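Novice: Before I ask anything, let me first share the structure, which is written out below as structure tokens.
The values are calculated or read from the model by the stated rules, or taken from the named source; none is laboratory data. Keep in mind that this is a model prediction, so the values were computed, not measured. Here Cβ is always computed from backbone atoms with ideal geometry, including for glycine, and neighbour counts include all displayed protein chains.
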Amino acid sequence: MPKRIIFLLIILILGGSFFLPKLFKKSMIRETETKLETAPEKLERVSIITIYDNYLADSCLKTGWGFSCLIKINGKRILFDTGADSKTLLSNMEKMKIDSKQIDLIVLSHVHGDHVGGLEGILKGSGDITVYIPASFPDSMRRNIETYGAKYQDIKKAEKISEGVWSTGELGTWIKEQSLVINSKKGLIIISGCAHPGVVNIIEKAKEMFPEKNIYLVLGGFHLSGAGDSELKGIINKFRKIGVQKAAPCHCSGNRCRELFREEYQDNFMENGVGKIIEI
């Protein structure tokens with residue numbers, strides 16, 4: 001073999017032994033950093049209180065077409081949606097001894113009035129608070145938020161909004177909507193306002209975000225009012241296939257949807273409505 005070829009082979013071998021370990025190390029660092037950025041935190045306790053809904057869990061409270069719930073997690077109080085009107089929302093909060101001034105942040109799922117109608121009543125007494133809104137919201141909503149001395153944060157893609165709490169980012173096309181993904185000791189909790197993008201699509205997005213986590217609970221509006229039995233059973237089968245352990249449909253889910261979920265999930269079905277308190 002010519003000396004020139006032998007010399008080149010030696011250089012390639014020595015160069016590879018120097019550069020390859022460094023390249024491999026950098027690759028491992030990047031992979032570790034990605035996992036650290038996306039891995040949800042371990043939590044001790046999560047409390048979810050439905051304070052506005054058209055289904056009733058506590059006869060002392062008022063119902064209304066819409067949805068709102070309060071999430072207590074890691075010392076934070078997160079209000080998800082605000083129902084259709086301030087009067088009903090604030091009345092229910094007062095009866096449940098929930099002080100609007102102690103809310104740390106607000107998340108709005110989508111722009112429909114039955115989910116944002118009670119916002120002004122909350123902002124009047126909340127002062128400096130941040131409202132997380134889908135980026136597709138009209139500018140009039142941003143100006144309205146600022147009128148009360150509050151701030152807004154546009155959400156476009158999936159991102160962390162508080163310790164252990166993530167937004168799915170805007171999903172859907174015609175009606176864009178964000179849902180919440182919460183980490184608990186028992187698995188992920190998904191909360192949807194109306195599930196216009198499709199409740200199964202929302203669950204699949206959460207699994208895409210955290211593929212190693214199980215889905216413990218899906219709660220909120222499933223947007224299935226008026227759906228036929230065939231469609232409903234197909235969706236329930238998909239819940240099972242994905243591995244959703246518990247279901248708590250309310251608001252726009254529809255009576256038949258709730259009936260079929262109750263039949264399938266039995267003890268793992270949660271009868272959700274205004275006044276319902278879920279401790280996890």
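Novice: Within the range 246-267, how many residues are out of contact with any Ser or Thr (no Cβ under 9 Å at 6 or more places or on another chain) and loosely packed, with under 15 Cβ neighbours inside 10 Å?
Specialist: Matching residues across the range 246-267 total 4.
Novice: Can you report the number of residues in the range 132-145 which are over 22 Å from the mean Cα position of the chain (by Cα) and either loosely packed, with under 13 Cβ neighbours inside 10 Å or at positive phi (or both)? Walk me through it before giving the result.
Specialist: Start the filter on the range 132-145 by keeping residues that are over 22 Å from the mean Cα position of the chain (by Cα), which leaves 139-140, 143-144.
Next, from what is left, pick out any that are either loosely packed, with under 13 Cβ neighbours inside 10 Å or at positive phi (or both): 139-140, 143.
Summing the residues that are over 22 Å from the mean Cα position of the chain (by Cα) and either loosely packed, with under 13 Cβ neighbours inside 10 Å or at positive phi (or both) in the range 132-145 gives 3.
Novice: Free of Cβ contacts under 8 Å to residues at least 24 places away in the same chain, of a type outside the set (A, V, I, L, M) and out of contact with any strand residue (DSSP E or B) (no Cβ under 7 Å at 6 or more places or on another chain), is that true of Pro249? Reasoning before the result, please.
Specialist: Details: free of Cβ contacts under 8 Å to residues at least 24 places away in the same chain: no; of a type outside the set (A, V, I, L, M): yes; out of contact with any strand residue (DSSP E or B) (no Cβ under 7 Å at 6 or more places or on another chain): yes.
When the stated conditions are applied, Pro249 does not pass them.
Novice: Still on this structure, please answer the following. If the requirement is being surrounded by fewer than 17 Cβ atoms within 10 Å (Cβ to Cβ), under 26 Å from Asn183 (Cα atoms) and under 15 Å from the mean Cα position of the chain (by Cα), which of these qualifies: Glu163, Glu170? Give the steps one after another, and end with the answer.
Specialist: Working: Glu170 fails: surrounded by fewer than 17 Cβ atoms within 10 Å (Cβ to Cβ).
Result: Glu163 is the single residue among Glu163, Glu170 that is surrounded by fewer than 17 Cβ atoms within 10 Å (Cβ to Cβ), under 26 Å from Asn183 (Cα atoms) and under 15 Å from the mean Cα position of the chain (by Cα).
Novice: Related question: What are the pairs with Cβ atoms under 6 angstrom where one residue, in the range 256-280, is modelled with pLDDT under 95 and the other, located anywhere, is of a type in the set (D, E, K, R) and assigned to a helix (DSSP H, G or I)? Sequence gap at least six, or different chains.
Specialist: none
So that you can scan it fast, the table gives a plain yes or no per residue for (1) outside any strand (DSSP E or B); (2) closer than 21 Å to Ile73 by Cα:
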{"position": "Arg142", "(1), (2)": "yes, no"}
{"position": "Trp174", "(1), (2)": "yes, no"}
{"position": "Ile191", "(1), (2)": "no, yes"}
{"position": "His196", "(1), (2)": "yes, no"}
{"position": "Asn201", "(1), (2)": "yes, no"}
{"position": "Ala206", "(1), (2)": "yes, yes"}
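Novice: Spot the failing condition for Ile235; the list is (1) out of contact with any Lys or Arg (no Cβ under 9 Å at 6 or more places or on another chain); (2) of a type in the set (A, V, I, L, M); (3) surrounded by 23 or more Cβ atoms within 10 Å (Cβ to Cβ); (4) over 20 Å from Tyr132 (Cβ atoms), and only one is missed.
Specialist: Failed condition: (3).
Novice: In addition: Condition test on Ile78, is it at pLDDT 95 or above, under 20 Å from the mean Cα position of the chain (by Cα) and on the phi < 0 side of the Ramachandran plot?
Specialist: Considered against the rule, which asks whether it is at pLDDT 95 or above, under 20 Å from the mean Cα position of the chain (by Cα) and on the phi < 0 side of the Ramachandran plot, Ile78 comes out as yes.
Novice: Can you tell me how many residues in the range 205-227 are surrounded by 23 or more Cβ atoms within 10 Å (Cβ to Cβ) and touching a residue at least 40 places away in the same chain (Cβ under 8 Å)?
Specialist: Number of matching residues: 4.
Novice: Considering only the range 178-204, state which residues are surrounded by fewer than 18 Cβ atoms within 10 Å (Cβ to Cβ) and either charged (D, E, K, R) or under 20 Å from Phe137 (Cβ atoms) (or both).
Specialist: Listed by number, the residues that qualify are Lys185, Lys186, Glu204.
Novice: So Leu90 clears everything in (1) surrounded by 22 or more Cβ atoms within 10 Å (Cβ to Cβ); (2) within 21 Å of Gly149 (Cα to Cα); (3) over 21 Å from the mean Cα position of the chain (by Cα) except one condition, right? Which one?
Specialist: (1) is the only condition that Leu90 fails.
Novice: Step by step: first the residues of the range 88-132, then only those that are in contact with a helix residue (DSSP H, G or I) (Cβ under 7 Å, 6 or more places away or on another chain) and of a type in the set (D, E, K, R), then the one that is farthest from Arg142 (Cα to Cα). Which residue is that?
Specialist: So the residue we want is Lys101.
Novice: Let me ask you something else. Among the residues of the range 148-160, which ones are modelled with pLDDT of 95 or more and either in a loop (DSSP other than H, G, I, E, B) or surrounded by fewer than 18 Cβ atoms within 10 Å (Cβ to Cβ) (or both)? Quick ask: steps written out before the conclusion?
Specialist: As a first pass, look at the range 148-160 and keep what is modelled with pLDDT of 95 or more: 150-160.
Listed by number, the residues that qualify are Ala150, Lys151, Gln153, Asp154, Lys156, Lys157, Ala158, Glu159, Lys160.
Novice: While we're here: Looking at this structure, is Ser230 part of a loop (DSSP other than H, G, I, E, B), surrounded by fewer than 21 Cβ atoms within 10 Å (Cβ to Cβ) and among the polar types (S, T, N, Q)? Before you say what the answer is, go through the steps one by one.
Specialist: Details: part of a loop (DSSP other than H, G, I, E, B): no; surrounded by fewer than 21 Cβ atoms within 10 Å (Cβ to Cβ): yes; among the polar types (S, T, N, Q): yes.
Taking the combined requirement at face value, the residue does not satisfy it.
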